[in-house]
Amino acid sequence: MNFNFSEDQLLMKEEVKKLLDKENSVKRNRNVLEGEDKFDKELWNQLVQMGLTATTIPEEYGGIGMGFLELCVIAEELGRGIAPVPFSSSVYLATTAILNSSNEEIKKEFLPKLAAGEIIGTFAHSEKTTFPNESGINVNFKSGKISGKKVAVPDGDIANFALVTAKSDKNQIGLYLVDLSSNGVEINSLDTFDPSRSHADIVFENVEARALNNDAWSDIEKLLDQSAVLFAFEQVGGAEAAMNQAKDYAMGRYAFGRAIASFQAIKHKVADMYISLQLARSNCYYGAWALSNDAPELPTAAATARVSATKAFYECSKENIQTHGGMGATWEFDCHLFYRRARLLSSNIGSQGIWKDKLITSLEKSNSPT
Amino acid sequence: MDFNDTKEEAKFRNEVNAWLSANAEKKEHAKDIYRPAEMSEDSESGESSALKDAKAWQAKKYDSGWACLHWPKDYGGRDAAPMERVIWGQEESKFKVPGGFFEIGQGMAGPVLMLYASEEQKKRYLPPMAKGEEIWCQLFSEPGAGSDLAGIKTKAELDGDTWTINGQKVWTSGAHYSDYGIIVTRSDFSAPKHKGLTYFFLDMKSPGVEVRPIKQITGGANFNEVYFTDVKIPDSQRLGEVGDGWKVSLTTLMNERLAVGDASGVDFQEIFELAKDQDFNGDTAISNGAVREKLADWYCEQSGLKYTKMRNISALSQGSTPGPEASITKIVSANKLQDIANYGMDLMDNASIARDEETAIFQGSLLGAPLIRIAGGTDEVLKNIIAEQVLGMPQDVRVDKNVPFNEIPTGSKN
């Protein structure tokens, strides 16, 4: 058996890491957080040049035809670097949704541009304060047009197009592609918890929309499962970075005449971070296996990876601040950038309660959960 | 990324399966366990019939070359690759076979003998150990030395070619049915703590060895106190140099950490089934959101451990060394066991008070969990190990380092 990434995939991971280190991705996160830009275009262009937006897109659509495993290692590194770019919206979600669909016309039109980074897509789903189930979708689709409001759309003020969930006149939930520069689209950028990633409310008023699928609820569930694995890798990358920051700081910080890393109270804290990180990483590997094989276990594997990675990033990022003491809670130190990102990623694509419930539901459906 | 066997692995797995199918009964359910045919009410005779059965099964394996697979053939093993040993373990666990008596000998004493015993001794002791004919125990902890193992006080004095041992060991699993033991003693009380230790193996039937069972909070008695009064050990049974006992002990402890795996008892499956059946405020417990959240957390832990193990096995299969990830296993599984047992009894509410068929496994797990969190390295020691050995954080300041042992302050009456 080989329950690991291939040498090529690990090499690719290393290359992405090198780029993000060289470009000082964490510093760029701070620049976006403090500045006016909605994302770091320079960094985004570098990622595009490296071909990362083309990863899962087949060559016939202008991509490089790799798979989800490559995307998993990329996601981990973007998480480690808390990169201020719309990668998750455009690649994990929009690109995957189009790849999943059977709409050739849309594939031919959009995939080459997504691969080349010429356009950015996103997924517009939530309408209220809770993550929607099937009855929570009230944006409507009627005779080719959609109307209604989506809230806190990630990169909603960056993306060129959105895949919008909407209810058709047949009472089915469909997935529709909307050009965000169309007439009738009103985009309001939000003041957010983690300004290194932009979010917007979007109001649609009789906006022209193209159907990816008119009866798409199961497609939407699948898209969320697929992206959950990728988000989980991003969270694991961030968690590991936060754990290493805590460890490094504790080794260099002296109090009571010795490195604070020699105190058991600190060691046990970092060991706890390591434990939650390893559990999450191992679950992510299983998620990666299920994702890349399109296995029937995907709903369980994705929810498991997502829940444990969310927990790991929260724990590592909050205890990283604690390990740093007062300095960890200053604006100047980077700890809060990871703490913010951990919280933001927990909310994107549905929070812990949603995914824990999904997990138990999927276990109830399968006869033998273990 | 896959879970598939290589061609060679698949071939080996078939071979293993063919032999097991011909010699043992396959489990119908994963949780089925072996029970001795004639276990009586009396717990003592229950153990001895279990031991008899375990010895018979081990001997059968040995005779066909399936004992201690990774050991050299000369010592009763099979010269098998690490991955073959894993495959054997995976397949054997699918059959209803007895076990549970040989781990300390084969897992801890064996590797130390292989490193430190004479060729003649290896040929004499390792094959019967592999065959299960002779059972070994490990005499390490003392009343005043548990996590701080190097603080032991059992005294070893050399006169000519013979050592005389006086003192007391504690928490010795299986001492009451063991034939031999490995023991670490203090041979020099004026040397610093880690420098004055000497390591031996001894015959547990030696005059002056007295074994007294310790009744645990579960009501069972798997551990013992072992008293040594003028016990004689020939110098030829010393393992390692005089004063080098700590180094030899570390070999054993490293193997102990590998040998102590998942905690047995209730796990996700049990609490999941219980939550589906159990009433809770007029509905099933599993339909309650708070219950679902708890279940999800435990599933994630169980799954995380399972795939951590897979990452390690994968490394073996690929011919590389497994990473340190498995160091999390005992902490996570022992705490999960305790919490699931407690929560199960919460769900059963009043019914959890009485002991019956349904409550027994939860009650037993709740009482057994505290010992699992302590045995083979406490949660706290294991976290130190993760921090220091895996993550490279510095050791705590040691006030007892480089101080003669007999000048180290002690609050213990021993």
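For the stretch B:22-32, taking the residues that are open to solvent by less than 100 Å² (accessible area, probe 1.4 Å) and closer than 18 Å to B:G99 by Cβ, the one that is nearest to the other protein chains (Cβ to nearest Cβ) is identified as B:A30.
Could you go through the stretch B:387-409 and let me know if any residue there is within 14 Å of chain A (Cβ to nearest Cβ), touching a residue at least 40 places away in the same chain (Cβ under 8 Å) and either within 27 Å of B:I104 (Cα to Cα) or crowded, with 16+ Cβ neighbours inside 10 Å (or both). Taking every residue of the stretch B:387-409 in turn, at least one turns out to be within 14 Å of chain A (Cβ to nearest Cβ), touching a residue at least 40 places away in the same chain (Cβ under 8 Å) and either within 27 Å of B:I104 (Cα to Cα) or crowded, with 16+ Cβ neighbours inside 10 Å (or both).
Let's see how each residue does on (1) open to solvent by 50 Å² or more (accessible area, probe 1.4 Å); (2) at pLDDT below 95; (3) more than 9 Å from chain B (Cβ to nearest Cβ):
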{"site": "A:Y249", "(1), (2), (3)": "no, no, yes"}
{"site": "A:R253", "(1), (2), (3)": "yes, no, yes"}
{"site": "A:L279", "(1), (2), (3)": "no, no, no"}
{"site": "A:S282", "(1), (2), (3)": "no, no, no"}
{"site": "A:Y285", "(1), (2), (3)": "no, no, no"}
{"site": "A:A290", "(1), (2), (3)": "no, no, yes"}
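Has the stretch A:73-86 got at least one residue that is within 28 Å of A:A309 (Cα to Cα), over 14 Å from the mean Cα position of the chain (by Cα) and either open to solvent by 20 Å² or more (accessible area, probe 1.4 Å) or among the aliphatic types (A, V, I, L, M) (or both)? The answer is no, given that none of the residues of the stretch A:73-86 is within 28 Å of A:A309 (Cα to Cα), over 14 Å from the mean Cα position of the chain (by Cα) and either open to solvent by 20 Å² or more (accessible area, probe 1.4 Å) or among the aliphatic types (A, V, I, L, M) (or both). Hey, any hits in the stretch B:220-235 for a residue that's in contact (Cβ under 8 Å) with a residue 40 or more places away in the chain, open to solvent by 30 Å² or more (accessible area, probe 1.4 Å), in contact with a Leu (Cβ under 8 Å, 6 or more places away or on another chain) and not hydroxyl-bearing (S, T, Y)? Scanning the stretch B:220-235 turns up at least one residue that is in contact (Cβ under 8 Å) with a residue 40 or more places away in the chain, open to solvent by 30 Å² or more (accessible area, probe 1.4 Å), in contact with a Leu (Cβ under 8 Å, 6 or more places away or on another chain) and not hydroxyl-bearing (S, T, Y). For the stretch A:313-321, check the following and say yes or no: at least one residue is part of a helix (DSSP H, G or I), touching a residue at least 12 places away in the same chain (Cβ under 8 Å) and at the interface with chain B (Cβ under 10 Å from one of its Cβ atoms). Taking every residue of the stretch A:313-321 in turn, none turns out to be part of a helix (DSSP H, G or I), touching a residue at least 12 places away in the same chain (Cβ under 8 Å) and at the interface with chain B (Cβ under 10 Å from one of its Cβ atoms). Where helices (runs of 4 or more DSSP H) sit wholly within the stretch B:308-407, those with at least 1 residues that are more than 25 Å from B:T172 (Cβ to Cβ) and β-branched (V, I, T) occupy B:329-348, B:357-374. The set of residues from the stretch B:390-411 being touching a helix residue (DSSP H, G or I) at 6+ places or on another chain (Cβ under 7 Å) and not aliphatic (A, V, I, L, M) comprises B:P394, B:Q395, B:D396.
Under the condition of being more than 11 Å from chain A (Cβ to nearest Cβ) and open to solvent by 50 Å² or more (accessible area, probe 1.4 Å), the residues counted in the stretch B:350-386 number 13. For the stretch A:255-275, a tally of residues being of a type in the set (G, A, S), facing chain B (nearest Cβ under 9 Å) and in a helix (DSSP H, G or I) returns 3. The strands (runs of 3 or more DSSP E) found wholly in the stretch B:128-179 and carrying at least 2 residues that are open to solvent by 40 Å² or more (accessible area, probe 1.4 Å) occupy B:155-159, B:162-170.
The values are calculated or read from the model by the stated rules, or taken from the named source; none is laboratory data. Just so it is clear, the structure is predicted and the values come from calculations on it, not from any experiment. Here Cβ is always computed from backbone atoms with ideal geometry, including for glycine, and neighbour counts include all displayed protein chains. Keep in mind that these areas ignore ligands, DNA and RNA; they rest on the heavy atoms of the full protein, side chains included. Shrake-Rupley method; radii C 1.70, N 1.55, O 1.52, S 1.80 Å.
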